[in-house]
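Before any comments, here is the structure.
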Amino acid sequence: MTFLPSRLHWSKLPMYLADGCRSVQTCSAMPDSPVCYLDTRNASASSAEIFASLDVCETIAGIENNVADIQLRMFYQQDAWVLQLPGEKTRVTIDFASGEFTRRLLAPNIMAEAVVRAVRGRAPADAVVRVFDATAGAGRDAMLLAAAGCEVMLCERLPLLAELLAVALSNAQHDPLPELSAAASRCQLLRGVVDSAQLMADWPHAPPEVIYLDPLYQHSQASGKQGLKSSALSNKLMRVLQHIDALYAPRMPKPDPVELMEAALRLAKHKVIVKRPPAAPPLAGLKPASQLSTKTVRFDVYPR
């Protein structure tokens, strides 16, 4: 299955498309040794094979709940991959079908979401806004935008996170909740893209109206000092994303913010939106034309 409805002709990039849960183009920038321990019990053979093929993963027959001596544990439970942080019992699933998140997808709540207000702006309710999310992470903002009627292309450079996101999107496409399955059908996931700035520089088709950048988890150490607040759930998710990011750090450096912003500003048809902690400086030092702020996050707006 490809996460690309036929109507999304504006963004066909066949060399990067996701097909089911497999990457068409494989990232070679992997750490030297496996640091994510993969418990494949209860998982389908095909799904387990995909994650086992990633160089950051080592398959194990099973381990006790005490995970103090490992980097990260992944296991399959209730149709989803669960991640357990080292040395603690915290468990996180990248899953769009949770009750708290699905409530956010339901109209009229969806149009009140800050990310939707920032990206859609004054666009009519029935307007289709094409968005490129260049730093997808766990894909939650992309799903909120898709639920609000946007057509969203997602790019995630970390292969392990991209595969987890692919599973979550596939599950969402088959969810009985119409709003959730419809939102997932408006999302197209790109994988195997190490450098989203280069992808934007070489973009071969019509540009998206909006480019969305959310590098929050990539700049984690300063988040608290910059006023980033979050719920207990989002805090756990942020820590898992930071840990996955750290797995690839030796050979996959974080995107250069200047290059990322310059590429986004050149490509975006209407505007670039950057998600930041409330007290953080603007990304790459570029002052935005306007801002949309909440108690927990800030969206910087750069019109074209």
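Could you tell me how many of the residues in region 255-270 are touching a Pro at 6+ places or on another chain (Cβ under 8 Å) and of a type outside the set (A, V, I, L, M)?
Quick first cut of region 255-270, residues touching a Pro at 6+ places or on another chain (Cβ under 8 Å) only: 255, 257, 260, 267-270.
Still in the running and of a type outside the set (A, V, I, L, M): 255, 257, 269-270.
The total comes to 4.
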Checklist (1) at pLDDT below 90; (2) within 21 Å of V131 (Cα to Cα) applied to A263, failing item: (1)
Candidates R266, R298, filtered to the one that is among the charged types (D, E, K, R), in contact (Cβ under 8 Å) with a residue 40 or more places away in the chain and assigned by TED's automatic domain parsing to the domain that holds D195: R266
Unmet criterion (only one of (1) within 20 Å of L267 (Cβ to Cβ); (2) free of Cβ contacts under 8 Å to residues at least 60 places away in the same chain; (3) out of contact with any strand residue (DSSP E or B) (no Cβ under 6 Å at 6 or more places or on another chain)) for D141: (2)
Among the residues listed as L83, L54, the single one being at pLDDT 50 or above, buried (at least 18 other Cβ atoms within 10 Å of the Cβ) and assigned to a loop (DSSP other than H, G, I, E, B): L54
Any hit, region 228-239, residues being under 22 Å from L145 (Cα atoms), part of a loop (DSSP other than H, G, I, E, B) and modelled with pLDDT of 85 or more: no
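From L145, L190, grab the single residue that is in contact with a helix residue (DSSP H, G or I) (Cβ under 9 Å, 6 or more places away or on another chain) and modelled with pLDDT under 95.
None of the others qualify; the one that does is L190.
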Single condition E163 does not satisfy, out of (1) within 14 Å of the chain's Cα centre (by Cα); (2) at pLDDT 95 or above: (2)
Sole exception among (1) exposed (fewer than 12 other Cβ atoms within 10 Å of the Cβ); (2) part of a helix (DSSP H, G or I) for A118, by number: (1)
Residue ranges of strands (runs of 3 or more DSSP E) in region 248-304 with at least 2 members among the hydrophobic types (A, V, I, L, M, F, W, C) and either within 18 Å of V115 (Cβ to Cβ) or touching a His at 6+ places or on another chain (Cβ under 9 Å) (or both): 271-276, 298-303
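The values are calculated or read from the model by the stated rules, or taken from the named source; none is laboratory data. Note that the structure is a prediction, hence the values are computed from the model and not measured. Don't worry about glycine lacking a Cβ; one is built from the backbone with ideal geometry, like all the others, and counts go over all protein chains shown.
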